[in-house]
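The values are calculated or read from the model by the stated rules, or taken from the named source; none is laboratory data. Being a predicted model, the structure only gives us computed values, none of them experimental. Neighbour counts run over all protein chains shown; Cβ positions are idealised from the backbone, glycine included.
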Amino acid sequence: MNWLSRTVLPKIKALVSPEPAKETLWIKCGSCSQMIFHRECEDNWNTCNACGYHMPLSPAARAQLLFDANSIESISVITAEKDPLGFRDRKKYSDRLKEARSKTGDDDAISVAAGEINGNPAVIATFNFSFMGGSMGQTVGNGIVKAARQAIQRQAALIIVPSSGGARMQEGILSLMQLPRSIVAVEELREAGLPYIVLLAHPTTGGVTASFAMLGDLQIAEPGAIIGFAGRRVIEETVREKLPEDFQSAEYLKEHGMVDMVLPRRDQKRVIGSILDMLMSSQPAKAAE
Amino acid sequence: MRQFLDFEKPIAVLEGKIEELRHLSSEGDINIADEVSRLQSKITKELTQAYAQLKPWEKVQVARHPDRPKITTIIADLFTDFIPMAGDRNYREDHALISGLGRFRDKPVAIIGTEKGHTTEDRIKRNFGMVRPEGYRKARRLMELAGRFGLPVISLVDTAGAYPGRGAEERGQAEAIARSIQACLNLKTPLISAIIGEGGSGGAIALATGNRVIMFEHAVYSVISPEGCASILWRSADHAKDASEALKLTAKDMMALGVIDAIVSEPLGAAHRDPDTAIKNLGDAIANELAEVEGKSSQELIADRRAKYLKFGSDDI
């Protein structure tokens, strides 16, 4: 998958295809059911203009949101061995991968890009929840290692935007090994003295939270995002009590001291930009300019 | 009263017969020695056959056997002068996680382990071996201490997983696990980890990101329990057996995938039949692994660990 097939071809297809179907013109808010005109939705970075609900945002749109205009450079991630365990449940893992690839047009659940935020060099690794629930297997691990190493090479900040159900069961123990592996990656970055910001998008759970996603220098969460180690249902079955409505929400986590702030999309670039301005003000690479 | 697993039923019948004979002979003067030894050799044959070809799902049952040696027993047998250390200095003491100092074959070491509990009362106190954030934070505290005083760390893992509870979530279960893995990676001294029974997902890797990782022959190590995997991918926990095969969770699988460095053999009929032999084998295996890393500098140990875990994916990033 390259820039040509990912970006240009769909645009050409869109140009030559007939009028888009009605349902794509109007998008229904997943929270308040308000109908939002698609342009307006895009202009608001997929947030509802009536209730502020944050809908999923594609990695490409996320890059547009955070990076300075015209600074975005896509970074390729190596695809790991396809199906290391020969895993099969009701479907073969290799078939699930194929389906996810044709559905999303991506190779796996992570996209990496470099660019500038307020003029500060940054590398962003973004999860795509619509690719097998954003689950973390060896290729996603490759993406995190790649992003951290690119950040070090470019003397850039690292921002990871997780949105994931956790480890990818179909890669068994090899997906569990991505927990320490991804932490090694962020440790390398830490040693290089570069900032690491985690921007938690809905939902972020399981093995992803139990590794790199909870180790940011700053932890930012999107409004309403569900973030937690164990799933709500599992906890309810274990403790046999009704959990609060907002349990594991970004706002709940903030009240429990687990994230620094809950930040709507319209403020993300400005605030992250300011953080990087301050954290990177004494970076040797920047001072030398 | 010994507990028998489903596939051990023929053995249970044979052992029942021996019991009956013993009962009879205590009443009369019947000479039962010949019959008993015949039955014994039959049991040995049955056990050898059954355990030589355990299916993954059977391994799961063996790994969870209530009589499988517990971590406190292992600590009592393998370490001398054990000095337990309690608390995370923040919230509370977690009885599911044991930590302390002790001597392993005369050399001082730090020990971390998960304890499932022996009796019903003890199991409740230990939360069935499911650790809460404060337990992982206690482990981190111990690793930092061990690093400062040059003590190797030995971690013994037997847990279904980290505890999924409301309080655990509110106090940052995920963060606690992540920091514990980070502490393992940054430890300045050797870390030898052993999977004793169940190696349950994040709750296990939190303590088992070692320089050398070993595992009992019939232990299991998995990213998710077969039941959990089945209920998500098959939409029914009834498919746990299928999931246990698909997940590749046995010691042999771990060896083939490069996750562990050695398999610790278990006595005939698994560790629950003869805990002493199992624990002795474990002690020898730990000694072997410690010898492997002896003399390495802190930098080498940290670099080795990083390389070990970075290799789970593509090399040429």
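Conditions (1) free of Cβ contacts under 8 Å to residues at least 12 places away in the same chain; (2) among the aliphatic types (A, V, I, L, M); (3) assigned to a helix (DSSP H, G or I); (4) under 30 Å from residue A:40 (Cα atoms), marked per residue:
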position	(1), (2), (3), (4)
A:223	no, no, no, yes
A:238	yes, no, yes, no
A:247	no, no, no, no
A:257	yes, no, no, no
A:272	no, yes, yes, yes
A:281	yes, no, no, no
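Beta carbons closer than 6 Å, at least 6 apart along the sequence or on distinct chains, pair a first residue in the stretch A:182-193 that is more than 8 Å from every other protein chain (Cβ to nearest Cβ) with a second that is surrounded by 17 or more Cβ atoms within 10 Å (Cβ to Cβ) and part of a loop (DSSP other than H, G, I, E, B) for A:182/A:211; A:186/A:215. Across the stretch A:100-130, the number of residues qualifying as of a type outside the set (A, V, I, L, M), buried (at least 24 other Cβ atoms within 10 Å of the Cβ) and assigned to a loop (DSSP other than H, G, I, E, B) comes to 2. Within the stretch A:132-143, being touching a Lys or Arg at 6+ places or on another chain (Cβ under 8 Å) and either aliphatic (A, V, I, L, M) or surrounded by fewer than 24 Cβ atoms within 10 Å (Cβ to Cβ) (or both) holds for A:132, A:136, A:140. Among the residues of the stretch A:220-253, those identified as crowded, with 16+ Cβ neighbours inside 10 Å and away from chain B (no Cβ under 12 Å) are A:220, A:221, A:222, A:223, A:224, A:225, A:250. Selection of the stretch A:134-176 for residues being out of contact with any Ser or Thr (no Cβ under 9 Å at 6 or more places or on another chain) and either part of a strand (DSSP E or B) or facing chain B (nearest Cβ under 7 Å) (or both) yields A:149, A:157, A:158, A:174. Note on the stretch B:216-235: residues that are in contact with a strand residue (DSSP E or B) (Cβ under 7 Å, 6 or more places away or on another chain) and assigned to a helix (DSSP H, G or I) total 0.
When you scan the stretch B:48-69, do you find a residue that is more than 29 Å from residue B:225 (Cβ to Cβ), in contact with a Leu (Cβ under 9 Å, 6 or more places away or on another chain) and assigned to a loop (DSSP other than H, G, I, E, B), even just one? Within the stretch B:48-69, not a single residue is more than 29 Å from residue B:225 (Cβ to Cβ), in contact with a Leu (Cβ under 9 Å, 6 or more places away or on another chain) and assigned to a loop (DSSP other than H, G, I, E, B).
Being at pLDDT 95 or above, over 20 Å from the mean Cα position of the chain (by Cα) and outside any helix (DSSP H, G or I) is a property that holds for residue A:86.
Take the residues in the stretch B:215-262 that are acidic (Asp, Glu) and under 24 Å from residue A:230 (Cα atoms); name whichever of them is farthest from the other protein chains (Cβ to nearest Cβ). Write out each step before concluding.
Filtering the stretch B:215-262 for residues acidic (Asp, Glu) gives B:217, B:227, B:238, B:242, B:245, B:253, B:261.
This time we only want the ones that are under 24 Å from residue A:230 (Cα atoms), so: B:227, B:238, B:242, B:245.
Numbers: B:227: 11, B:238: 13, B:242: 7, B:245: 9 Å.
Applying the filter and picking the extreme gives B:238.
Across the stretch B:72-101, the qualifying residues are those that are out of contact with any Lys or Arg (no Cβ under 8 Å at 6 or more places or on another chain), free of Cβ contacts under 8 Å to residues at least 60 places away in the same chain and β-branched (Val, Ile, Thr), and the one among them that is farthest from residue B:281 (Cα to Cα) is B:83. Of all residues in the stretch B:140-192, those being under 22 Å from residue B:71 (Cα atoms), within 11 Å of chain A (Cβ to nearest Cβ) and either in a helix (DSSP H, G or I) or free of Cβ contacts under 8 Å to residues at least 60 places away in the same chain (or both) number 8.
Within the stretch A:155-201, which residues are small (Gly, Ala, Ser) and under 12 Å from the mean Cα position of the chain (by Cα)? Before you say what the answer is, go through the steps one by one.
Going residue by residue through the stretch A:155-201, those that are small (Gly, Ala, Ser) are A:156-157, A:163-167, A:172, A:175, A:182, A:185, A:192-193, A:201.
Listed by number, the residues that qualify are A:163, A:164, A:165, A:201.
Being part of a helix (DSSP H, G or I) and of a type in the set (Lys, Arg) narrows it down to one of B:137, B:103, so name that one.
On the way: B:103 fails: part of a helix (DSSP H, G or I).
Being part of a helix (DSSP H, G or I) and of a type in the set (Lys, Arg) holds for just one of B:137, B:103, which is B:137.
Filter the stretch B:55-99 down to residues that are of a type outside the set (D, E, K, R) and at positive phi, then give me how many there are.
In the first step, residues of the stretch B:55-99 are kept if they are of a type outside the set (D, E, K, R); the result is B:56-57, B:60-63, B:65-66, B:69, B:71-76, B:78-80, B:82-87, B:90-91, B:95-99.
Next cut, at positive phi only: B:87.
So the answer is 1.
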